[in-house]
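Engineer: So that we are looking at the same thing, I have put the structure below in structure tokens.
The values are calculated or read from the model by the stated rules, or taken from the named source; none is laboratory data. Fair warning: this is a prediction, and the values are worked out from it, not measured in the lab. Here the Cβ positions follow ideal geometry from the backbone for every residue, glycine too, while neighbour counts run over all protein chains shown. Heads up: the accessible areas ignore ligands, DNA and RNA and are worked out on the full protein's heavy atoms, side chains in. Shrake-Rupley method; radii C 1.70, N 1.55, O 1.52, S 1.80 Å.
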Amino acid sequence: MPKTYAFVGNLNRNALPNTGKGISVFRFDDNTGDLTLVSEYLAIDNPGYIAIDEKRRRLYAAVEIPEWNEGMAVAFDIDPASGALSYINMQPTLGNTTCHLGFDQSGETIFASNYTVAALGERPGNAVAAFAIRADGGLEPAFAAAIHEGKNAILPTDKRQHGHCAVVSPDNRTVFVCDLGLDRIMAYKLPSKGGKLELAASPFTTLPDGAGPRHMTFHPNGRIAYVINELNSTVSVLHYNAETAELALGQTLPSIPADFTATNTCAEIAVSADGRFLYGSNRGHNSIVSYAIAADGSLALIGWTPSQGLGPRNFVIDPTGKFMLVANQKGGGIAVFKRDIETGALEDTGKRVDLPTPMRMVFGQFE
């Protein structure tokens, strides 16, 4: 039987309550939803975002330390028998406050997104950088990068850049970079190794002022994308044109109830593997919002499930589709929910993992 592991990146530097543990590795029981700690990798600072290449048994982590002018991307091997991580190498990300890592569809290139809180004009100041992955899983130095602000910006703007994720289209033609500060989703032609990041024919999609596009995901059909807007608490439907890289903005729905008036910021977004349901996380309302997806990709609100903690930054559906783990960054640790595959409904199991600052989780399943 294959072994399923859940890898969790935790804040462990300059973060309250300052007791995080680097990267935690749990054995996951997909019959009960139980998580058993099997190993920890402690020799890393603030692995705020992690990404996994299951096929090649490798994990990549973004070191997110706002005080540094430049972040780092770190590569690890995964031992499939134990889930333990072994260090390969790291590379600078050519920008400040690295908050996301995303692969191209071949798994041969990885893109780092930099949120940028360093003083305006300080360099390196790239919103996104591209790295080729070596045969051994290590990262080569970044071969391409793009700046979204200031005199060297790829397009004129008077806003501050806040790159928050880079997602490659399912056809492996376009790199979309959600920039929360510019209220744009930038579109680049997928660069070949050693090439440049060049704008696509449709260079960007504009979201409403103050929306703050944060994370984006594609429907399994490859024609529809969804973006969660951190600052105005909405989810938008985007129609993808593969020839031009245009993302035509369609439907937009709220992520919080109309009568909720306290502060809220959105975080994660994900589509179920069967393409029938979409989920997003709300920090403030402290909930997971659920939508049903129609055949044309449009959304219908189902409702909200309390995250059983504070600040649900991330969530992930297990490989069977029967469970969802929710990482409550600011209190409550990881909560385990049953997920009804037919209705999309979430039910709290009462199971918890006591981690003080969980940031990002990924599953890996190995023979």
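Engineer: Return P(r) of the range 101-233 (all Cα-Cα pairs; 5 Å bins starting at 0; whole %; ordered from short to long distances).
Structural biologist: Reading the bins upward from 0: 2, 11, 21, 24, 21, 13, 6, 2, 0.
Engineer: Could you tell me which of rounded, prolate or oblate describes the range 50-97, using a ≥ b ≥ c as the square roots of the eigenvalues of the alpha-carbon gyration tensor, with rounded for a/c under 1.5 and, failing that, prolate when a/b is larger than b/c and oblate otherwise?
Structural biologist: prolate
Engineer: Is the shape of the range 207-329 best called rounded, prolate or oblate, per the rule: a/c under 1.5 gives rounded, else a/b larger than b/c gives prolate, else oblate, with a ≥ b ≥ c the square roots of the Cα gyration tensor eigenvalues?
Structural biologist: Here the range 207-329 falls in the oblate category.
Engineer: Starting from the Cα coordinates of the range 115-157, work out the convex hull volume and express it per residue in Å³.
Structural biologist: Measuring per residue, one finds 79 Å³ for the Cα hull of the range 115-157.
Engineer: With labels modelled as points extended 7 Å from the Cα through the Cβ direction, what inter-label distance (nm, one decimal) is found for ALA294 paired with GLU54?
Structural biologist: My value for the distance between the label points is 3.1 nm.
Engineer: How much net charge surrounds ALA142 when only other residues with a Cβ under 15 Å from its Cβ are counted (Lys, Arg +1; Asp, Glu -1)?
Structural biologist: With Lys, Arg at +1 and Asp, Glu at -1, the neighbours total 0.
Engineer: How high is the relative contact order of the range 221-367, in percent, counting Cα pairs under 8 Å that sit 6 or more residues apart?
Structural biologist: Reported as a whole number, the value is 14 percent.
Engineer: Sticking with this one: Shape verdict for the chain, please, from the Cα gyration tensor: rounded (a/c under 1.5), prolate (a/b greater than b/c) or oblate.
Structural biologist: Rounded.
Engineer: Continuing with the same structure: On average, how much accessible surface per residue is there in the chain, in Å², for a 1.4 Å probe, leaving out ligands, DNA and RNA?
Structural biologist: Accessible area per residue: 39 Å².
Engineer: Mind scanning LYS151/LYS193; LYS21/LYS351; LYS159/LYS330; LYS322/LYS351; LYS55/LYS351; LYS3/LYS338 and naming the pairs with a C-alpha gap bigger than 22 Å?
Structural biologist: LYS151/LYS193; LYS159/LYS330; LYS55/LYS351
Engineer: Of the accessible area of the range 231-311, with the probe set at 1.4 angstrom, what percent is carbon plus sulfur?
Structural biologist: Within the range 231-311, the accessible surface is 57 percent carbon and sulfur.
Engineer: For the range 263-305, what D do you get in µm² per second when you plug the Kirkwood radius from alpha-carbon pairs into Stokes-Einstein at 25 °C and 0.890 mPa s?
Structural biologist: It diffuses with D of about 230 µm²/s by this estimate.
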